[in-house]
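Following: one structure in structure tokens, then a few remarks.
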Amino acid sequence: MSNPQLEDAFRSALIELEQEKKVQTELTTNTRSHRQMKNYLTHLEWSDKQLLTLQAAIEEILTERREYNEKAERVQTYRAKLINLARDLNMSYQELVTTMADLESLEGKKSS
């Protein structure tokens with residue numbers, strides 16, 4: 001290799017090292033691995049209290065997501081049961097829902 005080629009190779013290697021270092025300390029939507037997250041958090045140099053606050057916030061977000069997903073699953077299951085009931089009664093789904101709403105309003109009037 002000639003001198004200019006060595007210099008180019010050296011520059012390229014330095015650029016790659018800088019980019020790799022930069023990627024390891026940036027949190028982006030592409031950050032996926034445990035190592036990347038850990039490197040980013042370490043780079044922040046947060047106190048234990050800040051990290052515990054972050055942990056609590058993450059746990060809260062995960063709990064909210066779990067609850068939302070469970071609720072969506074229950075709604076989907078209920079809807080599937082209504083669809084099957086409508087089939088059994090030879091009704092459309094909308095007719096069944098309307099009938100149920102009408103019955104609910106009649107029950108409400110009787111209770112009053």
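Within segment 67-75, is even one residue modelled with pLDDT under 95 and either part of a helix (DSSP H, G or I) or under 30 Å from T98 (Cα atoms) (or both)? Full working, then the answer.
Residues of segment 67-75 that are modelled with pLDDT under 95, as a first pass: none.
Scanning segment 67-75, I find no residue that is modelled with pLDDT under 95 and either part of a helix (DSSP H, G or I) or under 30 Å from T98 (Cα atoms) (or both), so the answer is no.
Listed here are the residues, each with its yes/no results for (1) at pLDDT below 80; (2) in a helix (DSSP H, G or I); (3) among the aliphatic types (A, V, I, L, M).
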| site | (1), (2), (3) |
| --- | --- |
| F10 | yes, yes, no |
| A13 | yes, yes, yes |
| E16 | yes, yes, no |
| Q19 | yes, yes, no |
| R35 | no, yes, no |
| N39 | no, yes, no |
| T53 | no, yes, no |
| A56 | no, yes, yes |
| T63 | no, yes, no |
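The values are calculated or read from the model by the stated rules, or taken from the named source; none is laboratory data. Only a predicted model underlies this, so the values are computations on that prediction, with no experimental measurement involved.
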